[in-house]
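Below is one structure, written out as structure tokens; the observations come after it.
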Amino acid sequence: MARKKNSKNIRKGGALRTRDEFLKGGVPKEEYKNKPKQFYRVVYAVDINSENDLAVVRRTTKKGRHLKSQPQYKFHEEVYTQDNTGAPIRVNKKFVRSAEDDIPQTDVEYIMKRCRQYPDTAKKMQEFKNKKKKPPKK
């Protein structure tokens, strides 16, 4: 039986809203420092592992590659698999589901093709996919 590729809450191409400081190594935007509850950054889920952890890329309007279906938006070719505390990315209080921003599967394939060109990203994605499921505590 094939391994399920959809999380309980999100699928590949699903969008989440977050803040830059919730991504590993992210720096908060100046104009949002006084608005701690406003989620301004959109990230796209490009891969899901067996633990329902997400690998995401950031959406931007400035520097980056254009999306095929929405040319007004771009994406950074860096994949994030952990949040700012080192925990896996999942739909939670830091990453909120945003269904109106979802992208089609063709965009996900294009993003992954662009991201895999970088050796660091390819290695990170291999580790992400091979993450072993932890046995339940007794």
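The values are calculated or read from the model by the stated rules, or taken from the named source; none is laboratory data. Source: prediction; values computed, not measured. All Cβ positions, glycine included, derive from the backbone under ideal geometry; neighbour counts span all protein chains shown. Just so you know, the surface numbers come from the protein's heavy atoms only, side chains and all, with ligands and any DNA or RNA stripped out. Shrake-Rupley method; radii C 1.70, N 1.55, O 1.52, S 1.80 Å.
Structure data summary
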| item | result |
| --- | --- |
| Filter result for Thr106 (closer than 16 Å to Gly14 by Cα, more than 15 Å from the chain's Cα centre (by Cα) and at pLDDT 85 or above) | yes |
| Residues of the stretch 73-89 classified as over 15 Å from Glu127 (Cβ atoms) and touching a residue at least 60 places away in the same chain (Cβ under 8 Å), total | 2 |
| Members of the stretch 46-69 that are farther than 20 Å from Asp120 by Cβ and in contact with a strand residue (DSSP E or B) (Cβ under 9 Å, 6 or more places away or on another chain) | Ile48, Glu51, Asn52, Arg59, Thr61, Lys62, His66, Leu67 |
| Residues located in the stretch 12-37, provided they are in contact with a helix residue (DSSP H, G or I) (Cβ under 9 Å, 6 or more places away or on another chain), touching a residue at least 60 places away in the same chain (Cβ under 8 Å) and either assigned to a strand (DSSP E or B) or surrounded by fewer than 16 Cβ atoms within 10 Å (Cβ to Cβ) (or both) | Ala15, Leu16, Arg17 |
| Matching residues, the stretch 67-84, being crowded, with 16+ Cβ neighbours inside 10 Å, more than 17 Å from Phe128 (Cβ to Cβ) and hydroxyl-bearing (Ser, Thr, Tyr) | Tyr73 |
| Residues being modelled with pLDDT of 85 or more and either among the small types (Gly, Ala, Ser) or open to solvent by less than 40 Å² (accessible area, probe 1.4 Å) (or both) - total across the stretch 46-63 | 10 |
